[in-house]
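Below is one structure, written out as structure tokens; comments come after it.
The values are calculated or read from the model by the stated rules, or taken from the named source; none is laboratory data. Since the structure is predicted, the reported quantities are computational estimates derived from the model, not experimental observations. As a convention, Cβ positions derive from the backbone with ideal geometry for all residues, glycine included, and neighbour counts pool all protein chains shown.
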Amino acid sequence: MNIILKGWSAYTRMTARWPGLAAVIPFIPVVLLWTAISEAGVFPRAFFPGPGDVVRSFFTLTYKGILPDYLQDSLIRLITGAAVGMALGIPLGILIGTSRWAHRACWPVLLFFQAIGDIAWLPILLIWFGFGLTTMTFVIVYTVLFPVVLNTVLGVESVPRDLARAARSLGASRARVLWEVTLPGALPNIITGLRNGLGYGWRALIAVEIIVGTSGIGFMMFDARRAGSTVEIILGMIILGLLWYIVDAWILAPIERATGKRWGLVTS
Amino acid sequence: MSLASEALRSTKGRVVLGVVAAWLCFQLWLTLAAPMKISPELKGASEKVNIQIELPFVPERFHVQSFQQYGRVAGADDHSIALRGVKRTDLNAVARPYWVTSVGPIKEGG
């Protein structure tokens, strides 16, 4: 019991000093278990490669230029889709949140289309646009759009109306109230919507690349099944998880902290 | 404090900016190195050339497909891909990837 307490205390001190370790340490038992199972030969190596094989595959694919190229393609698609999704979603969310008329007109349509999953659009998109970038971008925009719109509406509606009334009574124009009261108040929800939207968009992108792609991480993973290369499939899965962790923990979460939390709008 | 200055103050922000800077430097190096990989034997007045792209490994489908946008792939052997009808203006783009060792004239019957 004493050893466990000492170990826990050392872990707490270490992660307090180097917070990055807190994200790495939980993976150590997973990798050790994975290594033990693959080394024990419980499953054939071709079906269940070890971490060493995956690392070797990473270097080989990078050396041959395949992995960086596919990764770049996936990231460009996600960034394009996310940018378009945000550009459409945030203004639409603000419009629905601030205008009762727009809310009545758009809300049922929004909920209707939200129920139609992104992948459900693929058959008709393939007929319209074929196997290309337009189809992929459409799916990502569609996936990103709903979390952004719904969270923006929630954010706008959660801003206390008294704040807007107070600003108006002090002579602020509608545009100024929107810019200095409504938008900052809704920002934590907008960022949350963006985090969710990007997460869903990332998953949708991989699904779309598997079905219609000719490049990208999803395509690499699906193409690897043709050669029976489980090692490339596992490598693709690890890259997906790792990349998303970096984007969320290193970019999106700090933005959320730097905006909503600093202004006291998010307390946890 | 602005978002940019806050990003500069945090370790994660500095790492992200460092990675972006390294990537930009790498892209710059690729752009500068590309003309040096092109053989002087390819100099001439014709609009299009037939070229042989040397790689340090056996080309895979990905590499063949990458070059299809610049010309007709005439064949591939152990460490090279032959490409016909490539515009001179595209030579730098062909030589740009870091996995291309050199670009020279096609070896007829080789």
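What the table shows:
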{"read-out": "Complete set of residues in the range A:109-127 that are small (Gly, Ala, Ser) and either under 14 Å from residue A:204 (Cα atoms) or in contact (Cβ under 8 Å) with a residue 60 or more places away in the chain (or both)", "value": "A:117, A:120"}
{"read-out": "Answer residue from the range B:81-99, given it is hydrophobic (A, V, I, L, M, F, W, C) and in contact with a Pro (Cβ under 9 Å, 6 or more places away or on another chain) and is farthest from the other protein chains (Cβ to nearest Cβ) among those", "value": "B:91"}
{"read-out": "Residue among A:97, A:41, A:85 that alone is within 26 Å of residue A:218 (Cα to Cα), out of contact with any Lys or Arg (no Cβ under 8 Å at 6 or more places or on another chain) and not β-branched (Val, Ile, Thr)", "value": "A:85"}
{"read-out": "Single match in A:143, A:135, A:182 (criterion: among the polar types (S, T, N, Q) and more than 20 Å from the chain's Cα centre (by Cα))", "value": "A:182"}
{"read-out": "Residue that is in the same structural domain as residue A:56 (by the TED database), part of a helix (DSSP H, G or I) and modelled with pLDDT under 85, where the choices are A:255, A:234", "value": "A:255"}
{"read-out": "Strands (runs of 3 or more DSSP E) within the range B:52-110 that include 1 or more residues in contact (Cβ under 8 Å) with a residue 60 or more places away in the chain and in contact with a helix residue (DSSP H, G or I) (Cβ under 9 Å, 6 or more places away or on another chain)", "value": "B:102-105"}
{"read-out": "Every residue from the range A:23-66 that is under 20 Å from residue A:246 (Cα atoms) and more than 13 Å from chain B (Cβ to nearest Cβ)", "value": "A:24, A:25, A:26, A:27, A:28, A:30, A:31, A:54, A:55, A:58"}
{"read-out": "Among residues of the range A:15-37, those that are free of Cβ contacts under 8 Å to residues at least 12 places away in the same chain and either within 27 Å of residue A:54 (Cβ to Cβ) or in the same structural domain as residue A:250 (by the TED database) (or both), counted", "value": "16"}
{"read-out": "Positions within the range B:31-73 being within 11 Å of chain A (Cβ to nearest Cβ) and among the aliphatic types (A, V, I, L, M), in sequence order", "value": "B:55, B:58"}
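Table: residues versus (1) modelled with pLDDT of 85 or more; (2) farther than 30 Å from residue A:46 by Cα; (3) buried (at least 17 other Cβ atoms within 10 Å of the Cβ).
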site	(1), (2), (3)
A:176	yes, yes, no
A:182	yes, yes, yes
A:192	yes, yes, yes
A:198	yes, yes, yes
A:219	yes, no, yes
A:224	yes, no, yes
A:238	yes, no, no
